[in-house]
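The values are calculated or read from the model by the stated rules, or taken from the named source; none is laboratory data. These figures come from a predicted structure and were not determined experimentally. Because the Cβ atoms are built from the backbone with ideal geometry, glycine has one as well, and the counts that use them run over all protein chains shown.
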Amino acid sequence: MWSDVETRQDFLNYAELAEVVAELLSNPAMLPLSVGVSGNWGTGKSSMLNLVEDNLPEDTEDRKFIVVRFDAWLYQGYDDARAALLEAIASELVDEAKKKDDNLWWKTKSLFKRVDKLRFLGLVGEAGAAMAGFPTFGFISKAANAASRIAQGDRSADNLEDLKEAGKEVKEKTDGLIKPEEEATPPQEIKAFRTEFGEVLEGLKATLVVFIDNLDRCLPPQTIHTLEALRLFLFMKNTAFCIAADEDMIRHSVSKHFETTKTDHLVTDYLDKLIQIPVRVPKLGVQEIRSYLFLLFASAHTGIDKAKVDDLQEQLNDHLREAWGNEPMSVRNALSVLSPDPPDDLASAFDMADRMSPLLANSSAINGNPRIIKRILNTVRIRTKLAKIRRVSVEETLIAKLALFERCMGEAASIHLYSAIQAAPDGCPDFLKAMEAADMGELSGASPTIWQDKEHQTFLADWIGLQPKITGHDLRPTLQLSRDTVALVGRRRGLSEAAAEVLKVLSAAERANSPVGVEEAKKIPPGERQLVMDALISELRSHSDWANRPAKWPGALLLANQYAACAPVLRAFVLQATGGNIPVWLKATLAADGPLAEGRR
């Protein structure tokens with residue numbers, strides 16, 4: 001199993017970019033500087049920050065780096081983000097000043113007072129905003145609302161009491177934040193803070209590097225407050241900021257703040273002023289994902305020494321740097337780095353990684369996202385462990401193949417697949433056998449209609465070719481391991497209670513135009529219509545003499561008449577079951593103007 005937390009291990013080959021960013025942050029000629037590390041959810045932005053920090057130069061007698069890590073999400077709903085960031089920085093400066101100079105340490109203490117004053121001013125600002133019509137919380141909201149009602153002429157005892165109580169609470173909560181003699185306007189306080197901050201950094205002979213993470217997890221107000229805090233430090237000597245966030249989410253927050261669209265020039269201008277150098281986390285290709293999987297499997301194996309994993313990581317990264325001109329490291333060579341006689345389970349895992357990496361890189365449902373890849377692998381490992389506990393003999397590679405299908409094809413297609421598996425006498429649906437036997441050009445004709453949208457065709461072609469082959473395997477035991485994703489109900493293959501009741505009526509129907517059957521068919525939830533058709537077809541499979549009409553035929557034809565999407569499924573089954581020898585009673589149904597005519601929509 002693999003932990004879903006940021007790491008300092010470079011399994012994604014981010015080291016080169018991290019070195020470049022660290023060089024920018026530590027270059028005195030570039031300061032002050034703000035770098036934005038952007039990337040979608042799960043792409044490894046936090047890990048990138050760790051690697052950048054690790055690549056900062058070592059401290060010397062004349063040059064020191066003070067590093068502050070600030071997780072904006074931790075303060076969501078608990079503190080003003082602006083003050084929280086200032087306090088985190090001031091706290092780090094106090095600790096450093098303590099080690100260097102007592103006089104300097106006393107100077108840094110006043111920074112805390114400045115932070116408290118700015119926090120108080122922020123609270124007062126919120127109260128003013130509330131009176132202007134903007135929402136806020138707590139005692140300030142109570143005071144503002146009471147004051148607003150009184151201003152409008154409502155001088156009731158309740159309103160006066162609310163204002164009185166709120167005033168008392170303000171005094172209690174702000175006691176110690178400011179002193180009566182410290183009268184200053186917000187601009188004066190900000191200027192004083194910047195002056196003292198610069199003097200402290202100068203005295204420490206240090207460069208401040210602040211890493212801000214998880215900004216894209218915050219609500220828009222928290223995001224804007226954090227970005228506003230950055231403005232206090234921009235254009236100040238010896239400061240560098242590295243902000244990791246999904247740029248699209250930040251644009252959303254800024255657009256909400258300006259009440260405009262994400263593409264408006266105001267949003268772009270705002271971000272351009274705050275983020276001087278944008279850097280995108282590299283998108284992982286097939287070779288990067290392949291190496292990532294090798295390292296994940298190697299690091300999780302109890303029989304492999306960590307030093308060997310480090311050796312493999314170094315060699316894989318060397319290969320990736322020269323991937324433009326060289327072949328990737330083979331599975332055999334990768335295993336030989338770890339052990340002259342690698343364990344069978346590790347060799348099997350590496351083979352699986354080699355085969356799965358193109359699908360993980362190219363599927364739109366995964367798109368090479370490291371976090372999603374880990375989740376899929378953890379799902380596979382959980383199911384493998386369950387199989388051992390239940391003493392079910394199932395190959396892990398087969399579990400992985402089905403888990404990949406679930407993630408990339410979606411719930412409806414997965415229910416369809418697992419329903420067909422349950423219905424198949426040997427646990428392997430005929431259409432899967434046909435798909436594996438067919439040329440890729442004939443794939444769409446062999447696959448069920450529900451799978452034949454353009455988005456899924458490329459994935460299906462690759463998935464069908466992925467080893468191991470499904471033909472020859474009874475997949476029913478695998479269904480019991482997949483119940484965390486797709487809930488199946490007995491032999492009715494995942495049908496809801498409503499759909500299962502309709503199936504009973506259609507199975508007993510004697511006429512394809514039965515009014516009762518038609519009304520019942522309308523009750524089938526939209527996502528289960530083809531599942532009901534599959535269920536009826538599974539009942540028709542036991543019919544051997546197609547010269548005579550099967551007993552279950554009217555219900556299946558009724559459903560095909562009612563829903564056009566079900567007609568091609570029934571037609572394909574009939575042609576397969578009869579081997580192309582169409583009996584007399586079926587000819588009219590399959591004719592060009594019949595209900596199961598080819599190409600019907």
Just checking, which of R114, R119, R69 is surrounded by fewer than 17 Cβ atoms within 10 Å (Cβ to Cβ) and either modelled with pLDDT of 80 or more or assigned to a helix (DSSP H, G or I) (or both)?
R69
State whether the residues of the stretch 430-453 include one that is in contact with a helix residue (DSSP H, G or I) (Cβ under 7 Å, 6 or more places away or on another chain), under 26 Å from K385 (Cβ atoms), of a type in the set (S, T, N, Q) and modelled with pLDDT under 75.
no
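Answer yes or no as to whether P28 is at pLDDT 80 or above, exposed (fewer than 14 other Cβ atoms within 10 Å of the Cβ) and more than 27 Å from the chain's Cα centre (by Cα).
Values: at pLDDT 80 or above: yes; exposed (fewer than 14 other Cβ atoms within 10 Å of the Cβ): yes; more than 27 Å from the chain's Cα centre (by Cα): yes.
When the stated conditions are applied, P28 passes them.
Please work out which residue is nearest to the chain's Cα centre (by Cα), limiting yourself to the stretch 517-562 and to residues that are polar (S, T, N, Q) and buried (at least 20 other Cβ atoms within 10 Å of the Cβ).
Once the filter is applied, the top-ranked residue is Q530.
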I'd like the full set of residues that are aromatic (F, W, Y) and touching a Lys or Arg at 6+ places or on another chain (Cβ under 7 Å), limited to the stretch 48-88.
W73
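To keep it simple, each residue is scored yes or no on (1) surrounded by fewer than 21 Cβ atoms within 10 Å (Cβ to Cβ); (2) β-branched (V, I, T).
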site: L386; (1), (2): yes, no
site: V394; (1), (2): no, yes
site: M409; (1), (2): no, no
site: A420; (1), (2): no, no
site: G427; (1), (2): yes, no
What are the residues in the stretch 573-597 that are under 23 Å from L432 (Cβ atoms) and either of a type in the set (S, T, Y) or surrounded by fewer than 19 Cβ atoms within 10 Å (Cβ to Cβ) (or both), if any?
L575, Q576, A577, T578, G579, G580
Segments classed as helices (runs of 4 or more DSSP H), wholly inside the stretch 505-580, with at least 3 members that are more than 19 Å from A424 (Cα to Cα):
515-521, 553-562
Scan the stretch 214-248 for residues that are of a type in the set (K, R) and not in a loop (DSSP other than H, G, I, E, B) and report the count.
2
Looking only at the stretch 193-235, and only at residues there that are surrounded by fewer than 20 Cβ atoms within 10 Å (Cβ to Cβ) and among the charged types (D, E, K, R), the one that is nearest to the chain's Cα centre (by Cα):
R217
Count, please, the residues in the stretch 55-66 that happen to be part of a strand (DSSP E or B) and under 23 Å from D10 (Cβ atoms).
1
